[in-house]
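Trainee: To start, I am sharing the structure in question, which I have written as structure tokens.
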Amino acid sequence: MLEIRHLCKAFPAGGLTPKIALQDVNLTVPTGSFVTIIGSNGAGKSTLLNAVAGVFPVDRGCVMLNGKDITFLPEHRRAAFIGRVFQNPLQGTAASMTVEENLVMAWRRGERRGLRRGITAGLRRQIRDRLSQLGLGLEDRLHTAVGFLSGGQRQALTLLMATMTRPDLLLLDEHVAALDPNTAQQILYLTEKMVAEEGLTTLMVTHNMEHALRMGDTTIMMHEGEIVLNVKGTKRAAMTVHDLLNQFKRIRGEQLLDDRMLLAD
Amino acid sequence: MTFQIISGSLEQGLVYGIMALGVYLTFRVLNFADLTVDGSFPLGGAVAAALIVSGAPPLLATLAALLAGMLAGAVTGLLYTKLRIAGLLAGILTMTGLYSVNLRIMGRANIPLLRQETLFTQLHDTFANITYLDLLFFLLLALLIKLLLDAFLSTDFGMAMRATGDNPDMIRSLGVDTQAMVIAGLCLSNGLVALSGALVAQYQGFADAGMGIGTIVVGLASVIIGTGIIRPYTIFRATLGALLGAVIYRLAIFFALRMGLAPTDLRIMTAVLVIGALSAPTIKTIWAERVRMRRQAEENAVLCRKGVGDNA
């Protein structure tokens, strides 16, 4: 279970007032739950994921994973139990290293890296098995440098690397946004398959409202660093993209109204 | 010309090749241009010479030099990772500081080792009847270090180090402390550089405070020449290239000197060589684009003029 309590984060901006990216965010994600996150640009979606991953220290509040407080744990230590897929397909793999080497490094997620030989025959077999499950034929390209693969292939590889050790939490940050529609569909299909097979607790940021409603079991909407909507169950099942858009407009409108009232005061 | 004449250049190439392997580790694997090398190379020479003169066994003195080099690398690594000083500057700062340190260690600017017991006097005492003994020794040692480096880079630790140079975000998201990897890489690299310095000092019979000037450029030249000769598809090929590059660099200098180049002009030749090798890809693209545009212009003279005429 992931518990986020009173999380606040502000980034220094050009002016005197810092840009508030997260404002008292509270979120509980039960084990095995799959949460989709939507919101306009600058709403704080990626900041939330980065805060959970430990990319930067947060100003207030705490992050707990399976009852353990990880608020002050450095990024590489949290990575032992958090898998991530980035928006940029180039960011999740080492281009100059082979498919096999990339996967072996992911296999050792969170382990102490010692001076034993990295790739063994047994490991190679297991990796080949896992790769064949992707259905992309990558199991025959174990010795190809990842830089020679397409963006979609690299993203599929990153997804496998993020999930193969069954992490306690999977973070997907608009991981299909940079792909063409066909490839994006394929990666989303793989995502659902892997998350379901391993029962992974997942947070997925997306700009696609249809994906947000169709995938996972919970949808949250963020606006100006706050969670403004959190739907699940039958209410969510009955929701359409149109409803979601209306909700979004209503929330934004209310806020505008608030601002106007403040100014009139 | 007999083999004997160039065997000296081969020996130098191989001993400097150990330094080039160190430069390969930072420059190519970690993607870090580490100027510490100009300080850690004479540091190795200084530590080894000072210890030998004070009566330490040559092997121990050489190993101490290696450790001293690792320490120097750690300093640059800490400046870069923990204090967030830019990589180039961190190397320059350590290198500058090391100049004083080296003079302190030696107590003067130059230590002659002529009547001292060194690794080489011991070697010649033990294997008196082998011809080209130094060459054989350097060849075996350089190859041993190359193979050890290859093996290291294919361990879990070594792969994490390569990934740190390739894509730090990625390997951090897999649970590796990338700062520790950079520090470890700089340690190992400068350890090899100092080892090379210690061997050079014993081989040439003296350690000198100024023996490090330009070392990094020689190292870079070796790595770059190596890449040109052997395409670095694998680690094995890349490290072999660095070694071969260092040997070819020495041979090139040997022939340049024989053709009448003043020894004082060597550094500018080396600098020009490195500039040429580093800029070759850029110049190639610029040139290809020029050729293409000229062809396009010729084509346009027919292709576009016709359209304009029709409208008018």
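The values are calculated or read from the model by the stated rules, or taken from the named source; none is laboratory data. Note that this is a predicted model, so its numbers are computed, not measured. Here Cβ is always computed from backbone atoms with ideal geometry, including for glycine, and neighbour counts include all displayed protein chains.
Trainee: Answer yes if at least one residue in segment B:242-252 is at pLDDT 90 or above, closer than 25 Å to B:ASN31 by Cα, in a loop (DSSP other than H, G, I, E, B) and not hydrophobic (A, V, I, L, M, F, W, C), and no otherwise.
Mentor: There is no residue in segment B:242-252 that is at pLDDT 90 or above, closer than 25 Å to B:ASN31 by Cα, in a loop (DSSP other than H, G, I, E, B) and not hydrophobic (A, V, I, L, M, F, W, C).
Trainee: Sticking with this one: Can you name every one of the helices (runs of 4 or more DSSP H) wholly within segment A:24-110 that holds 2 or more residues which are away from chain B (no Cβ under 13 Å)? Spell out how you get there, then give the answer.
Mentor: Values: elements: A:45-53, A:75-78, A:99-107.
Once the helices (runs of 4 or more DSSP H) in segment A:24-110 are filtered for at least 2 residues that are away from chain B (no Cβ under 13 Å), what remains is A:45-53.
Trainee: Select from segment B:217-265 the residues that are surrounded by fewer than 23 Cβ atoms within 10 Å (Cβ to Cβ) and among the polar types (S, T, N, Q) and write down the one among them that is farthest from the chain's Cα centre (by Cα).
Mentor: Among those that are surrounded by fewer than 23 Cβ atoms within 10 Å (Cβ to Cβ) and among the polar types (S, T, N, Q), it is B:THR264.
Trainee: Provide a single number: the residues in segment A:229-257 that are of a type in the set (A, V, I, L, M), in contact (Cβ under 8 Å) with a residue 24 or more places away in the chain and in contact with a strand residue (DSSP E or B) (Cβ under 9 Å, 6 or more places away or on another chain).
Mentor: First, the residues of segment A:229-257 that are of a type in the set (A, V, I, L, M): A:229, A:231, A:237-239, A:241, A:244-245, A:251, A:256-257.
Now narrow it down to the ones that are in contact (Cβ under 8 Å) with a residue 24 or more places away in the chain: A:239, A:241, A:244-245, A:251.
Remaining after also requiring in contact with a strand residue (DSSP E or B) (Cβ under 9 Å, 6 or more places away or on another chain): A:239, A:244, A:251.
So the answer is 3.
Trainee: Of all residues in segment B:160-180, count the ones that are facing another protein chain (nearest Cβ under 7 Å) and touching a residue at least 40 places away in the same chain (Cβ under 8 Å).
Mentor: 2
Quick grid of which residues meet (1) more than 14 Å from chain A (Cβ to nearest Cβ); (2) assigned to a helix (DSSP H, G or I); (3) of a type in the set (A, V, I, L, M):
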residue: B:PHE137; (1), (2), (3): yes, yes, no
residue: B:ASP150; (1), (2), (3): no, yes, no
residue: B:GLY158; (1), (2), (3): no, yes, no
residue: B:VAL182; (1), (2), (3): no, yes, yes
residue: B:VAL200; (1), (2), (3): yes, yes, yes
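Trainee: Any residue at all in segment A:122-130 that's buried (at least 17 other Cβ atoms within 10 Å of the Cβ), at pLDDT below 95, hydrophobic (A, V, I, L, M, F, W, C) and closer than 25 Å to A:TYR189 by Cβ?
Mentor: The answer is yes; a qualifying residue exists.
Trainee: Here is a further query. Only one of these conditions is not met by B:THR121: (1) within 14 Å of chain A (Cβ to nearest Cβ); (2) over 23 Å from B:ALA20 (Cβ atoms). Which number is it?
Mentor: If we test B:THR121 against (1) within 14 Å of chain A (Cβ to nearest Cβ); (2) over 23 Å from B:ALA20 (Cβ atoms), just (1) comes out false.
Trainee: Still on this structure, I have one more. Kindly evaluate B:LEU195 against the criterion of being among the aliphatic types (A, V, I, L, M) and over 26 Å from B:SER279 (Cα atoms). Walk me through it before giving the result.
Mentor: Numbers: among the aliphatic types (A, V, I, L, M): yes; over 26 Å from B:SER279 (Cα atoms): yes.
Yes: the conditions hold for B:LEU195.
Trainee: Which one is farthest from the other protein chains (Cβ to nearest Cβ), of the residues in segment A:111-124 that are closer than 23 Å to A:GLU198 by Cα and in contact with a helix residue (DSSP H, G or I) (Cβ under 8 Å, 6 or more places away or on another chain)? Please lay out each step first, then the result.
Mentor: From segment A:111-124, those closer than 23 Å to A:GLU198 by Cα are A:111, A:122-124; that's our starting set.
Filter once more, keeping what is in contact with a helix residue (DSSP H, G or I) (Cβ under 8 Å, 6 or more places away or on another chain): A:111, A:123-124.
Details: A:GLU111: 7, A:LEU123: 11, A:ARG124: 13 Å.
Checking each candidate, the answer is A:ARG124.
Trainee: Could you tell me whether any residue of segment B:78-90 is in the same structural domain as B:ASP208 (by TED's automatic domain parsing) and farther than 28 Å from B:ALA184 by Cβ? Before the answer, list the steps.
Mentor: Kept after step one, since they are in the same structural domain as B:ASP208 (by TED's automatic domain parsing), are these residues of segment B:78-90: B:78-90.
After this cut, where a residue has to be farther than 28 Å from B:ALA184 by Cβ as well, the list is none.
No, because not a single residue in segment B:78-90 is in the same structural domain as B:ASP208 (by TED's automatic domain parsing) and farther than 28 Å from B:ALA184 by Cβ.
Trainee: Look through A:THR206, A:THR144, A:THR158, A:THR165 and report the one residue that is closer than 19 Å to A:GLY92 by Cβ, more than 14 Å from chain B (Cβ to nearest Cβ) and of a type in the set (Ser, Thr, Tyr).
Mentor: A:THR206
Trainee: I've got another one for you. Step by step: first the residues of segment A:10-34, then only those that are under 17 Å from A:GLY54 (Cα atoms) and within 18 Å of the chain's Cα centre (by Cα), then the one that is surrounded by the fewest Cβ atoms within 10 Å (Cβ to Cβ). Which residue is that?
Mentor: A:ASN26
Trainee: Yes or no: A:GLY137 farther than 30 Å from A:SER33 by Cβ, without any contact (Cβ under 8 Å) to a residue 40 or more places away in the chain and out of contact with any helix residue (DSSP H, G or I) (no Cβ under 6 Å at 6 or more places or on another chain)? It would help to see each step written out before you state the result.
Mentor: Numbers: farther than 30 Å from A:SER33 by Cβ: yes; without any contact (Cβ under 8 Å) to a residue 40 or more places away in the chain: yes; out of contact with any helix residue (DSSP H, G or I) (no Cβ under 6 Å at 6 or more places or on another chain): yes.
So A:GLY137 fits the description; yes.
Trainee: Consider A:GLY54 against the criteria (1) free of Cβ contacts under 8 Å to residues at least 24 places away in the same chain; (2) closer than 22 Å to A:VAL195 by Cβ; (3) out of contact with any strand residue (DSSP E or B) (no Cβ under 7 Å at 6 or more places or on another chain): it satisfies all of them except one. Which criterion is unmet?
Mentor: (1)
Trainee: What number of residues within segment B:30-50 are touching a Leu at 6+ places or on another chain (Cβ under 7 Å) and either of a type in the set (Phe, Trp, Tyr) or surrounded by fewer than 24 Cβ atoms within 10 Å (Cβ to Cβ) (or both)?
Mentor: 2
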